[in-house]
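First up is the structure itself, then whatever we jot down about it.
All of the numbers you see were taken from the coordinates with simple rules; none came from a lab. Owing to the predicted nature of the structure, the values given are computational and were not obtained by experimental measurement. Ideal geometry is used to build each Cβ from the backbone, glycine not excepted, and the neighbour counts take in all protein chains shown.
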Amino acid sequence: MLQVLLSGLATGAVYGLVAMAFAVVFYVTKVINFATGQLLMVSIMTVSGLSAIGVPVWLSIVAGIALSTGFGVAIYYGAVAPVLKVDRTGFGWLVSTLGVAIVLASVAAMIFGPTSRAFPALLYHHSIRLFGTSTTWQEMLAVIVAAVVLVAFEVFRTRTLFGKVGMAISGDPEMATAVGANATAYAVIAFAIGGLLAGVAGVLVGPITFANPYLGDTYGIAGFIALMIGGIDKPAAAMGGGVLLGVLSVVANTYINSQASDWFPFVVVVAVLLIAPHGLFASGNLFARWLGRGRRSAELALPAVRS
Amino acid sequence: MIAVAIAYLASVGGVANGGYFAQSLFVTGGVFAVLAVSLDLVAGVTGLYSLGHAGLFALGAYGTTLLYHAGWNIFVLLPVVIVGVGLIGAILGTLSLRVSGLYFAIMTFIFSLVVTVVLTDFPFTGGLNGIAGPPLPSFPASLSFLGSSLVWCVGLVLLLAVGVVWSIRASAMYPVLLAIRDAEPFAAANGVRTAATKVGVFALSAGLAAMAGWAFSFTGYISPSQFTWTMSVNILVMVIFGGINTRVGPLIGAAFVSAFPVVVSIDPLVQEAIFGLIFLLVIVLFPGGVMGLVGWFWRRIVSRSSTTRHHVTDAAGEPAVTAPIERPARIREVSWPSDEYALECEGIRFSYIRGNTVVDDVDLRVRRGTVHGLIGPNGSGKSTLVNLISGALRPDAGEIRVSSVRVDGLPAHRRPGLGLLRTFQTAVLADELSVRESVTIGLYHRTPRVALRSLIWPLLPSARRDHRRIRSEAGEAIRSVGLAESWNEARVADVPHGVEQLTQLAAACVGEPNILILDEPLAGLSASEVAEVTEIIDDLRAKGVTMVIVEHQTQFIFGVCDDVTVLAAGKLVTSGPAEQVRQNERVREVYLGQ
Amino acid sequence: MSEHASPALTVEGLSAGYGRFEVIHDITLSVAKGQAVALLGPNGAGKTTVLRAIMGMLRHRRGSVIVDGTDITAMPPHRVARGHVALVPEGRRLFLGQTVEDNLRLGGLHLRHDKERTEALLRSVFELFPVVERYRSRPVTAMSGGEQQMVAIGRMMMSAPSLMLLDEPSLGLAPLAIQGMADALGALRERGQSILLVEQRVDLALQVCDHVYVLSGGRIVRQSDAASVDAQGRELIDAYLG
């Protein structure tokens, strides 16, 4: 059981990172970048391609993540900003980012061929024994990276002025602009962070999946479902959704059948969307209110204190 | 129109007897065109971006195939899959539209993914390899001159789909759908059941997509890879490439998408990349698509040939209102109920956020046939009270009765049936509609079964009659509020604020209200327009219409109203005959600042 | 005040609107240094649009806006906000979910590297509004409307702007809170702050301001010194406001 849980945690960490890549972009710009999964693929293909021609593994990893980050920014300038310029409130970006996803996947397939290629093993063959279970270091790394990213992001968001400006832009972009915040710069940064997180997720998952130009579909959809389960409004909620989805998928695989992880996520997401349309960890639904019960009652007590 | 249909059928016959190349191109293009037209109905006309059309298409194709293998007749299956998938669409729409448009897009996207997974993973569908579709019987020997039966099948399906969608576009329902898309409160205030209509339109579109699937199943093997989310996007590409919310745009898009791979025969991967790129360029550079470009060129040619770009461009300075030359009556004489109060509110309480009461225990009694002013400083809860009465909001406590019928539990669209209509502080109308079309929305609740009849609108004599009546009544209403006839066909996007305000007033008048709520009818109007509105109010009063007017301009209120109610900070200050209220000490204190 | 010093605000021939709609036409007005000027007018007259146009929030506009000698006509709003103009919008629009102090610090975004200046500004806000200091670490949502308005004014002060814009700050406030707000604006003016105030309440505008413009139908229809608005003039203004 613990073995299953740990394995699910590792899978969920990757889903969570992709979901967070979606969520950070949405948090600042209210745009869902449907090419997020393809950014993960860009990093995987780059690492695979570069290491195949003899570039040191560490350098190809840096290049892969840098490229996915750069593509994230390029998506903003090429496919999102022009659409938002015409219509701030429309859904043009929905179509244009889906278009980017198709272009990236087919161009990658043109360059690398549609079949899977080798990916450096990294830490995949190094096992670690933990509480009587056996896990690869690669999986442990995924869990650790996800935890660090989550904590760092939350600290950054709530404790630094930079993060608070981000919160202000997320809540009221026009007013944030009126106090001097450069909303465009923040949008670019959000797309860069989205690309970075997707790229990191790619490096974490590459040794297991190998390199395939259509991986973006698989992980993009998984990340998107994780996002829907957790809630789109807060990046931390997206990570929660990813972990939950990962654990549930592995549990389903183990206890139902080996194909179950193909369809089980959809059962979960449909159930979640019917019960809590804004996601399990979003503020304002029953579950979140229950989680935040202590804090909320403290807030309610405030007016009594002041006089 | 008949000539067009004959020409179409003749060309279908030509293709059906033509070469294999032309036939396969027509079949693919025709199926795509049905999908594109059906998607444009939801995405373009109603503003709901469905990413689930590939899934609905798949359900149509697989439903036909699987039920055929279970022994059903393929022609019986056509209505079965249309209704069945339509119902699935209705359920999907009901579940997802309760939240928001974005949520709808996401839910339909996930629906599409679920369908693909089910088709791939479940044993009875043939998995990734797919399954052989039913064969379509050839024509009997006596009809063999017609050629390929598949081409005819697709040709008729396309005719049916285009017929239904174009019929809706030509019907009185079209302005209503556009209003739902761009001006939902306005539509609801005129009696449109906006939520149900959206679900209905999506269900219809789902049925049409299933029909495309039905025809597609005769083409041979069907497999999950033909129905992935990429297909959903492709359908959206057709619509946007050709021109969203246009008659022929989706057809152009479908023709392009199906012909492109055949004409430019290259490596499928390169093709897909180019395809995506073209699509990206269109949405980024020409959001209007091909039809948008055509329209742009057309307007340039027209504006160059004629120098009389009429008043619309320089409307800022010109008064919109014409001199009153023989105005038609604003409203017909109707027998009003004879109860004492037209509108009663008792103990109304409301808060947006708990603990922050905006309307606090307010009573309002409006005597039948009187003009009742509702005034108070900004933020006193006037607009909220109006929204409560008109059903846009629901009170936390209290009772609202319209002509003695309790309405506080009823949704907004039930009010116009009881004779209660309203205008909004700032008119929000659909930009793409003309002034006249906007006004016709006011007739919606007085025209029976518009939604149903819109499916075969041009074929119904009753619909043609109604269409003429609606147009002429709307035109009369526009003249009756003092707008020159030249405004009739001007697009709402191009008219000044004052004309927009008068347009919504005309829409309210044409709905034959017996109680009319005017929320700041003078806001932003010029002096001549103010005079016009005053005259309209006098005229309506003479006809016996009860009115509630929210206004800031106290002089106007005390000039025109019989009774006045004053609110301050969500509470009732006083209510009574205008003169009495004007003399009230507390009113002078809180409002007049004297 | 000297006639030769560059005024805090000079607006010339400003026309602006939304999309194809022009809401304000050919607006010309000025605010001398250290002056408080009121912009009065009925609902829908375009008062908020004037403020938004000055702030650079509207893309469709003509004319010129010069603040304290700097031409800000073509500046994007986030640059206008850096010391040139600050705004208290209608409805305050504080950053919900953040504390009072965070809201204030966000107001002084362009001075974030100048710690001393920021602390000094913070002190001056607290000096003007002691109650704000008391609640500095509370979430803004826990404050009353009047207190939130103080935070909004404080947020504006934090950027040390050449010109302050306030859009109907009295809206939805209790009479006592309105008086407090008027006193605060008076105090700011005493310190030499230039202010452009949009109001519906004539009495409040006359109490705080030196000069009055009346806007109607998107045009300036009248202007005069506040002191010379006699009974008859006031009646005129009242007529426009209703």
Helix-derived [θ] at 222 nm for chain B: sum -39500 (n - 2.57) over DSSP H runs of at least 4, divide by residue count, nearest 500? -16500 deg cm²/dmol
Neighbour net charge for C:Met156 - beta-carbon separation under 12 angstrom, K R +1, D E -1: +2
Using Cα positions and a limit of under 20 Å, work out the aspartates and glutamates in reach of C:Lys115, with same-chain residues fewer than 8 apart set aside. C:Glu101, C:Asp102, C:Glu127, C:Glu133
Filter the trypsin sites (Lys or Arg not before Pro) in the stretch C:145-203 to those in DSSP coil with at most 15 other Cβ atoms within 10 Å of their Cβ, and list the result. C:Arg191
Rounded to a whole number of µm²/s, how large is the Stokes-Einstein D of the stretch B:341-592 at 20 °C and 1.002 mPa s, given Rh as the Kirkwood radius over C-alpha pairs? 113
Mean Kyte-Doolittle of at least -1.0 plus a Cα span of 30 Å or more along the axis: flag which DSSP H helices in chain C meet both, please. none
Globularity ratio of chain C, using Cα Rg and 2.2 N^0.38 Å: 0.97
Starting from the Cα of B:Lys571, draw a straight line to each of the lysines and keep only those under 22 Å, dropping any in the same chain fewer than 8 residues away. B:Lys382
Within chain B, percent of DSSP bridges classed antiparallel, to nearest 5: 60
Between A:Ile111 and B:His69, the two model label points (7 Å from Cα along the beta-carbon direction) sit apart by a distance in nm of 4.1
Measuring from its Cα centre, chain B shows a charge dipole (+1 at each Lys and Arg Cβ, -1 at each Asp and Glu Cβ) which, in debye to the nearest 20, is 1160
Out of C:Tyr135, C:Tyr213, C:Tyr18, any idea which swings most in a Gaussian network model of chain C, alpha carbons joined below 10 Å? C:Tyr18
Label point distance in nm, C:Asp26-B:Ala132, each placed 7 Å from Cα along Cα→Cβ: 8.1
FRET efficiency for B:Val99 and B:Ala397 from the Cβ-Cβ distance with R0 = 22 Å, rounded to 0.05, comes out at 0.25
Within 10 Å of each Cβ in A:160-168, the average number of Cβ atoms from other chains: 4
Selected from A:Thr29, A:Thr254, A:Thr11 as most flexible by GNM, with chain A as the system and alpha-carbon contacts under 10 Å: A:Thr254
Given the rule -39500 (n - 2.57) for each run of at least 4 DSSP H residues, summed and divided by the residues of chain A, what is its mean residue ellipticity at 222 nm, to the nearest 500 deg cm²/dmol? -25000 deg cm²/dmol
Averaged over peptide B:224-235, how many Cβ atoms belonging to another chain are found within 10 Å of each residue's Cβ? 2
Among the lysines, which have Cα under 20 Å from the Cα of A:Lys234 when same-chain residues fewer than 8 positions away are ignored? A:Lys30, A:Lys164
Is it possible to state the helix-based mean residue ellipticity at 222 nm for chain C, with each DSSP H run of 4+ residues giving -39500 (n - 2.57), the sum divided by total residues, to the nearest 500 deg cm²/dmol? What is it? -10500 deg cm²/dmol
Dipole in debye (nearest 20) - the protein assembly as shown, about Cα centre, beta carbon charges: Lys, Arg +1; Asp, Glu -1: 1740
With the contact rule set at Cα under 8 Å and sequence spacing of 6 or more, what percent relative contact order holds for the stretch C:25-97? 21
Given Cα pairs under 8 Å that are at least 6 residues apart, what percent is the relative contact order of chain B? 17
Cβ neighbours within 10 Å, averaged per peptide: list B:484-497, A:164-177 in order, most packed at the top. A:164-177, B:484-497
Rounded to a whole number, the Stokes-Einstein D of chain B in µm²/s (Kirkwood radius over Cα pairs; 25 °C; 0.890 mPa s) is 92
Hey, could you pull the Cα Rg and Dmax for the protein assembly as shown, both in Å? 32.2, 103
Only bridges with both residues in the protein assembly as shown count here: give the DSSP antiparallel percent, nearest 5. 60
Packing-wise, with mean Cβ within 10 Å as the measure, how do B:255-261, B:412-418 rank, highest first? B:412-418, B:255-261
Here the whole-number average of other chain Cβ atoms within 10 Å per Cβ of B:69-80 is 0
